[in-house]
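Scroll down for the structure; my scribbles are underneath it.
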There are 2 protein chains.
Amino acid sequence: MAIRSQSEDFPGWYQDVVRETELAEPSLARGTMVIRPYGFAIWEAIQRAMDDRIKATGHENFYFPMLFPYSLLEKEAEHVEGFAPEVAIVTHAGGEKLEEPLVVRPTSETIIWATYAKWIQSYRDLPLLYNQWANIVRWELRPRVFLRTTEFLWQEGHTAHETEAEAIAEARMILHDVYLDTVQNVLAMPVHVGRKSAAERFAGAVETLTLEGLMRDRKALQAGTSHYLGQNFAKAYGVQFQSRSGELEHPYATSWGSSTRMVGGVIMTHGDDKGLRLPPAVAPVQVVIVPIAKSDEERTRVLEAAQRIVADLPSHRVKIDDREDLRPGFKFNYWEARGVPVRIELGPRDLDADQVTLASRLTGEKEPTPLANVTARVAELLTETQMGLLEEARAFRDEHTFRPGDMGEMAKLLEEPGGFMLAGWCGNEACETKVKGETKATIRFLPLDPTPVENACIVCGQAATEEAAWAQAY
Amino acid sequence: MAIRSQSEDFPGWYQDVVRETELAEPSLARGTMVIRPYGFAIWEAIQRAMDDRIKATGHENFYFPMLFPYSLLEKEAEHVEGFAPEVAIVTHAGGEKLEEPLVVRPTSETIIWATYAKWIQSYRDLPLLYNQWANIVRWELRPRVFLRTTEFLWQEGHTAHETEAEAIAEARMILHDVYLDTVQNVLAMPVHVGRKSAAERFAGAVETLTLEGLMRDRKALQAGTSHYLGQNFAKAYGVQFQSRSGELEHPYATSWGSSTRMVGGVIMTHGDDKGLRLPPAVAPVQVVIVPIAKSDEERTRVLEAAQRIVADLPSHRVKIDDREDLRPGFKFNYWEARGVPVRIELGPRDLDADQVTLASRLTGEKEPTPLANVTARVAELLTETQMGLLEEARAFRDEHTFRPGDMGEMAKLLEEPGGFMLAGWCGNEACETKVKGETKATIRFLPLDPTPVENACIVCGQAATEEAAWAQAY
C-alpha cells in the first residue's frame, strides 16, 4: 500500500486511496471511469437510500432515452448556452450518417418537457412527480474520478405543478427531506443548505438550491442541487394546461439531481492517512473478522467461531477474511484502508478467554470483548461510528468557517487554512467575479431565505444585501 | 379504452395495450422509447428479483463506461462483424471533432476484457464474477417498444475463470439459477432452455444458451442468453494469468444478458383482450380497492374501511382508487386493463353485510368475502394468480408444440396456428437457412446437452444429429 499523506499532497492522497482500495479507475475514453465493485457497492447503498426517500415523498421512477435530436436542446436559450459546449454528439449510426445529429443527454429537461407537452392537458394531470436514474455525459477537460467525469451516474427528478408556490415548496422539500436527510444521516456528511447566486445557477433555472459540504482539504463540494425552474421549460416546449378557472396556463417546474460525485464526497469528508473511513450505512463491509491461527487445527477452531459470530449478526454486512496466504497485520491494514468500521480479531488465545478483540476504525481503539457481548457491542460501535464521523466532520467544518473582516484577510484565510468565509455581499456579480479572480473562491451559498444584513460588502464596501459563504470548491 | 383484439390484430393489440396502460411510448430519436412510470415499476420489480439472484450466486456489480474507442471493437473479429452495423458513433464532443470516434456500447465485452487485462495476473485473481446494469444502444431498423428498441436497459454479466469446465458450469448456472428461476417464478413465463445453433450464436461466443418462451400469437421470444466465450476475448485483448503450474494461460469467459425486452414478454405471455394480466410478483399494484359511494357520508365510511384493509395488508402493494370524478365501472375496466391481479369492490351494502367483493383478474370471477377473511383470501388469490398464469401459459405453449412429419406439414403448422416445431436436424446450416427462407422460422433452441436421435433431418432427409425446435420469433 502506498497512500500519500493528506497534509503533504491531498490530490495525490485522493488518487492513491481511489486506486489502492479499488474504488474506481480511469478508462479509455477521455474522462471516463470504471467504477469497480467496491466503489459500486458504496454507490448502490447511496442509491438505495436516496431512492427510498424519493419514493417515500410521493415520486415514481421512469426512464427517458439517452439520445435525442440536437435541435431539442436549442429551444431553451439559457439552457443550450450552458450545455452546448460540453455535449457529446452522435453523428453516425447503423452504418450511416444521421440526417439530424443526436446529443447524448447532459441532463434531461429538454426531452422530458418536450414529452410533458403530451402528458399535461388539464390541472387534473398535475402534479407530475417523477424521477429517473440514468447515466449522463458532459465533456470534461479536467476530469477527476467520481468528482468530475465525462460520464457519471445520477438521479434526476423532474416535476410539474399547477402553481408557483407548489413548485417552490417541492424544490425545498427535496432539498431537505431527500437530499439533506440522505447526505447527513446516511453519508454522515454535514452540509449547509442554501441558494446559489445568479452566476452559479443551473442554466435555465429561476433559483438553484444547493447542499455544500467541506472536504478535508478545506475545499467545498456541492453534494446535490434542487432547481425551481419557473415556467421556462414549459414555455420553451409549449406545455400548457387548462386551469381550474378554465384558462390555458403554463405549469411550474422543478428539477433536482445528485450523482456518483457523492462517493467522492464520502472519501474526502471522512478519509485519513490510512485510507477510507466509511459510514456504516454505506459501507459494503461493516464488520470484518480476521482469524488468527498458526496451525490447521487452530484455523478450524477459529473459523468455526467466526462463522458463529456471522450468524449472530444477520442484519449486518459481515465478512470473514479467510485468505490463507496473508498475515493478520497485512489484513488489518488492508481493511483499515478500505474503511471498514469494525474489525474483529480472533485467535486461539482469545477463544481460550471466551473473548474477541474489537477494533474501531473511527477511534483506532482496540477493546477486548466477551464473546457473549459481541453482537450488542458491534451494533453499538456501528452506531457510534455513524454518529462520530458526522460529529467529527461537523467540528472540522465549523473550525474552518471564518468571518474575515476585509478582502485581504479573506484571501489569506482562503489560502491557508481554507474553508467557508462568511461575509457581506452587495448582490453585484462584479464583486463575485473579482473574488473569483483574486482567490479562486466562489459564492457557495446564500441563506435559503434572503436575510437582510447590516454590514458592508466585503469586496466593494457598499451596503450588503445579504451574507454569502465563499470557498474554493471542487 | 380502445384495445384491438388479439385474434384480429396481435401487433395492434400489443401497441394498444402498451399505449392505453401507459407502459411506454416511442420517443424522438429513431427507435427510442420512454418507459413510463407504470412500465418502469414492472421493470424495477424484475430488476430487483434478478439482482437478488445475481448476488446470491456470488456476483458483484460494477460499472463500465458507455463510451469507448471504436478501435477496441475491432480486436475480436467475429464480434465486430456482428455489432459494427448497428453501433451509434460519437464523433464530436466538447465542441470539437474527436481524434478517434467513440462507440456507444452495443454490449461491453470489449471494454471489459481490455480492462480485465490489468486485473488478471495470477490464478489467485480468478474467478472474476461481475455484473452491470446499463443502457445499451443498437441501431434498430424495425423498432418495437420493449421488444426491439435502439436503446434498452439490461444487465450484462462478465466472468473470467481458470478452466474451461468452470466457465461452462457458470454459463449453465446463470441459465438455471438466475434466469430460469426469475423468468418462471417471478414473470410466470414458462420457457425452454437450450443451446443456439451456430448461426444464432452471439458474435464471439463458443456456445450460446437461451431461454425461449411462446407468446400468445404463437411466436417465440428469447428471454435471455448466457454465453460461454471460451478464450476468444482473452486472446483478443491479451489477457493472461500465471496458472497453478506456473505457466501463462488465457482465462475462460462467460457473458450473459437479460433486458427490458422481458417486459414485452410479460405483456405477450399473459395479456388478453381486456389488456394486461400481471403476475403479482411484478405487478406495481397487486390489489386495487374501488370504493363505491353515492353520498359524502357513504364515501367517508367506505374510505375508512378501505384504509383498514390497506393497513391489514402491509406486505402487499395495495392502492385505493379514490378518484372522485370517475364511476366504479370505469375504474373496474381501468385496472383490469392494467392487469392488477385482485380488485376489491367496497360499497355501503357490502359494509352492512360485513363483507367485500373480491374480483380475480386471472379467472374473472367475483366472490363475496367476509371482511374478517379478506387478508387471508387476498394472499391466496395472489398465489393462485402467480401459479395460475404460469400454468395457463404452460398449457398454451404445450398445445402449440408440434412434431411435424415433413417440411410441408411444418410450413403449414407454422402458418397456422404457429408454435414450436420439434423435428430432426442434420446439423447443416444450409437446411436451417432453407427453413428460414421458406417459413421465416429459425431454430430457437437445441437440447442443452446434444442428444443423438434416430429420425431424419426434416429438411434434407439425411440422418439427424439432434432434434431442433423451430419457430417464428421476435
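The numbers here are math on the coordinates, done by the rules we state, and not lab data. On a predicted model such as this, the values are computed, not experimentally measured, just so you know. Note: ideal-geometry Cβ built from the backbone for every residue, glycine included; neighbour counts use all protein chains shown.
Dividing the convex hull volume of the Cα atoms of the range A:372-474 by its residue count, what figure in Å³ per residue is obtained?
Working: hull volume 12.7 nm³, N = 103.
Considering the Cα atoms of the range A:372-474, their hull volume per residue is 124 Å³.
Report, for residue B:403, each distance to the same residue's label point in the other copies, shortest first and in nm; define the point 7 Å along Cα→Cβ.
Shortest to longest, the spacings are 9.1 nm.
Quick one: label points 7 angstrom along Cα→Cβ at residue B:57, distances to the other copies in nm, smallest first?
List, nearest first: 3.8 nm.
Sticking to Cα atoms, compute the Rg of the protein assembly as shown to one decimal and its Dmax as the biggest Cα-Cα distance, whole number, in Å.
30.1, 98
Give me the one-decimal nm value for the distance between modelled label points at residue B:383 and residue B:436, 7 Å along each residue's Cα-to-Cβ direction.
Here the modelled spin labels are 4.6 nm apart.
In whole Å, what are the extents of the range A:379-431 along the principal axes defined by its C-alpha atoms, from largest to smallest?
The principal-axis extents, from largest down, are 52, 23, 14 Å.
How big is the gap, in Å, between the Cα center of the range A:181-235 and the Cα center of the range B:189-230?
The two parts, judged by their Cα centres, are 47 Å apart.
Shortest first, in nm, what separates the label point of residue A:329 from those of the same position in the other copies (7 Å along Cα→Cβ)?
Label point to label point, same position, other copies: 8.5 nm.
Can you grab the distance from the C-alpha centre of the range A:443-474 to the C-alpha centre of the range B:120-142, Å, no decimals?
With the range A:443-474 and the range B:120-142 each reduced to a Cα centre, they are spaced 49 Å.
Return the ratio Rg/(2.2 N^0.38 Å) for the range A:49-174, where Rg is computed over Cα atoms only.
Values: Rg = 16.3 Å, N = 126, 2.2 N^0.38 = 13.8 Å.
So the range A:49-174 has a normalised radius of gyration of 1.18.
Just from its helices, what would the mean residue ellipticity at 222 nm be for chain B, if runs of 4 or more DSSP H residues each count -39500 (n - 2.57) and the sum is divided by every residue, rounded to the nearest 500 deg cm²/dmol? Provide the component values of the computation, followed by the final result.
Details: 15 runs with 161 residues, N = 474.
Estimated from H runs of four or more residues: -10000 deg cm²/dmol.
Return the tail of the calculated pair distribution for the range B:1-65, meaning the percent of Cα-Cα pairs more than 18 Å apart. Don't jump to the answer; show the numbers that get you there.
On the way: 1213 of 2080 pairs.
Percentage above 18 Å: 58.
Based only on other Cβ atoms within 10 Å, what is the fewest-to-most ordering of A:81, B:298, A:432? Intermediate results must be reported in sequence, preceding the final value.
Working: A:81 12, B:298 16, A:432 22.
Ordered by Cβ neighbours within 10 Å, fewest first: A:81, B:298, A:432.
Using the count of nearby Cβ atoms within 10 Å as a rough guide to exposure, how do B:23, B:72, A:129 rank from fewest to most?
With the sparsest Cβ surroundings first, the list reads A:129, B:72, B:23.
Under 15 Å between alpha carbons, and skipping anything fewer than 8 positions from residue A:55 in its own chain: which aspartates and glutamates qualify?
Leaving aside aspartates and glutamates fewer than 8 places away in the same chain, those within reach of residue A:55 are A:156, A:170, A:177, A:181, B:44.
Using 32 Å as the Cα-Cα cut-off, could you pick out the over-long pairs in A:118/B:331; B:235/B:440; B:196/B:412; A:75/B:219; B:219/B:274? Please list the in-between numbers first.
Details: A:118/B:331 23 Å; B:235/B:440 36 Å; B:196/B:412 24 Å; A:75/B:219 43 Å; B:219/B:274 20 Å.
Beyond 32 Å between Cα atoms: B:235/B:440; A:75/B:219.
Grab the other residues whose beta carbon is less than 13 angstrom from that of residue B:235, score K and R as +1, D and E as -1, and report the net. Can you show the working numbers first?
Working: positive: B:75; negative: B:76, B:78, B:109, B:249.
Summing Lys/Arg as +1 and Asp/Glu as -1 gives -3.
What share of all Cα pairs of chain A, in percent, falls into each consecutive 10 Å distance bin?
4, 18, 25, 24, 16, 9, 4, 1, 0
Could you work out the Kirkwood radius for the range B:228-355, taking every pair of different alpha carbons, averaging 1/r and inverting it, reported in Å? Could the numbers behind the result be given before it?
Working: mean 1/r = 0.0531 Å⁻¹.
Kirkwood hydrodynamic radius for the range B:228-355: 18.8 Å.
Can you give me the C-alpha center-to-center distance between the range B:1-78 and the range A:284-337, rounded to a whole angstrom?
For the range B:1-78 versus the range A:284-337, the Cα centre distance is 41 Å.
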